[in-house]
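Asker: I have a structure I would like to understand better, so I am pasting it below and will then ask my questions one at a time.
The values are calculated or read from the model by the stated rules, or taken from the named source; none is laboratory data. Model, not experiment: these values are computed from the prediction. Methodologically, a virtual Cβ is constructed for each residue, glycine included, from the backbone with ideal geometry; neighbour enumeration extends over all protein chains shown. Note: areas computed on protein heavy atoms with side chains; ligands, DNA, RNA excluded. Shrake-Rupley method; radii C 1.70, N 1.55, O 1.52, S 1.80 Å.
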Amino acid sequence: MTGKIAYFGKDGKVGFVEHELPEVEPGAMLVRVLSSNICGSDVKNWKSGVSLGVGGDKTCQGHEFVGRIERLGEGVTTDYAGQPVQVGDRVVAAYYITCGECRACKMGRYDQCENAYIHLGQSPDDFPYFSGTFATHYYIHPKQHFYKVPDTLPDSLAAGANCRFSQVYYGLEHIGITAGETLLIQGAGSMGLYACAIAKEKGVTTIVIDGVADRLEMAKRFGADHLISMEEYPQLSDREEAVKALTDGRGVDTALEVTGVASAVEEGFHHLAPMGRYVIIGTNVLSAHATLSPGYITRKSLTVTGVARYLPEYLHKSLEFLDKFQHKYPFDDFSSMDFDLSNLEEGLEMVADRKVIRAVVQSNAQ
């Protein structure tokens, strides 16, 4: 039996190849991809023609997915939460590997595993071929954490648990956000909307800044307490005054950057109160530059941290959150569009142009 794989070329073009489905090694599994979201990092890799991880002229991409188990390797009887699994079960997997042997893993910082990307971005011509989820099938490697999807959670929500929801969930808890605090969310894309829901359940007051009216309206539906439109407040000084007006002149206790725009980081410093904490997630490429004033960090005694990936157990926590609150927040009302695998490039363009919050790739595998 064969499967189909999409790949990114260095010219930024999307191509396709077919391969026989691989036999799985001990500790691994092969799943049929049911649904795969287009993540912002997928767009960055596609537009730059440079992909994360290893790889050359062709690189497999896609990582935010839900799949159904087709082949189980020897020794795989439970997921990483101890839940029994069998062929036919739906699962999600962390998009990185935790080797357990490097310095970071031995410190318990599995999110910073030095071997995390040994499989991401591989060529579709190299075993196990199906190393990205823009494909009919996906190979889950040994030491790649995976979790069974609750029966009551639909594919459309389960796919979003990895990586966006898990990364935001981890980021907020990593900075120690607590009830009664204020959180500034920079950007009302999917990550910003997820942050609104998580913060609401934690008893945190949220302020959301974005320049797209529809996204701000959606943020309100996800629990945002205050909205600041960049159209209404075009100057940084205007937005700074608006934030102060909402925080008794202090600024916010915590801030979350999920815009992917480097200049937003400098703005975050302006909005934070003394001793504030700032987590940066969206701006994750080295080519993004901005002018920064480090004096804000010093004078305000700010704590600034970057979050790349997440501790793998947050993928399980995210599934539980989504399952519990799927009817409380309008996850299904995201600006969403489905694309056939053969139309992947069109979906990438729609996300790049911010015409859709969530683009879903359907492989139509049988």
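Asker: Give me the percent of the accessible area of the chain that comes from carbon and sulfur atoms, probe 1.4 Å, all protein chains in place.
Answerer: The C+S portion of the solvent-accessible surface of the chain is 48 percent.
Asker: So if I place +1 on the C-beta of Lys and Arg and -1 on the C-beta of Asp and Glu, and nothing else carries charge, what would the dipole magnitude of region 66-159 be about its Cα centre? I want it in debye, nearest 20.
Answerer: In debye, rounded to 20, region 66-159 gives about 240.
Asker: To continue, here is another question. Would you mind pulling out the separation of the Cα centroids of region 165-244 and region 145-161, in Å?
Answerer: 25
Asker: Build a GNM of the chain with springs between Cα atoms under 10 Å: which of K47, K58, K300 gets the top mean-square fluctuation?
Answerer: The residue with the greatest mean-square fluctuation here is K300.
Asker: Pull up the DSSP beta bridges for the chain and report the antiparallel fraction as a percent, rounded to 5.
Answerer: Once the DSSP bridges in the chain are tallied, antiparallel ones form about 55 percent.
Asker: May I pose another question? Could you give the nm distance between label points at D338 and A308, where each point is 7 Å from its Cα heading toward the beta carbon?
Answerer: 3.6
Asker: Quick one: of K244/K300; K4/K148; K220/K317, which pairs are farther than 18 Å apart, Cα to Cα? Spell out each step's value before the answer.
Answerer: Working: K244/K300 15 Å; K4/K148 24 Å; K220/K317 24 Å.
Pairs exceeding 18 Å: K4/K148; K220/K317.
Asker: Anyone know which of H63, H19, H141 comes out most mobile in the 10 Å Cα GNM of the chain?
Answerer: H19
Asker: To continue, here is another question. Picking from S229, S36, S293, which is most flexible by a Gaussian network model of the chain using Cα springs under 10 Å?
Answerer: So, out of S229, S36, S293, the one fluctuating most is S293.
Asker: From the Cα gyration tensor of region 1-155, with a ≥ b ≥ c the square roots of its eigenvalues, which class applies: rounded if a/c is under 1.5, or else prolate if a/b is larger than b/c, or else oblate?
Answerer: oblate
Asker: Follow-up. Tell me, what HN-Hα J-couplings in whole Hz come from the Karplus equation 6.51 cos²θ - 1.76 cosθ + 1.60 at θ = phi - 60° for each residue of region 69-79, using x for Gly and Pro?
Answerer: The phi angles translate into 5, 10, 9, 10, x, 4, x, 8, 10, 9, 7 Hz.
Asker: Skip the ligands, DNA and RNA, and give the accessible area per residue of the chain with a 1.4 Å probe, whole Å².
Answerer: Accessible surface, normalised per residue, equals 41 Å².
Asker: For the chain, what is the calculated [θ] at 222 nm in deg cm²/dmol (nearest 500), taking -39500 (n - 2.57) for each run of four or more DSSP H residues and dividing by its residue count?
Answerer: Values: 11 runs with 97 residues, N = 366.
About -7500 deg cm²/dmol.
Asker: Whole number please: convex hull volume per residue, Cα atoms of region 205-304, in Å³.
Answerer: Measuring per residue, one finds 101 Å³ for the Cα hull of region 205-304.
Asker: With a point put 7 Å past each Cα toward its Cβ, work out how far T152 is from K328 in nm, to one decimal.
Answerer: 1.3
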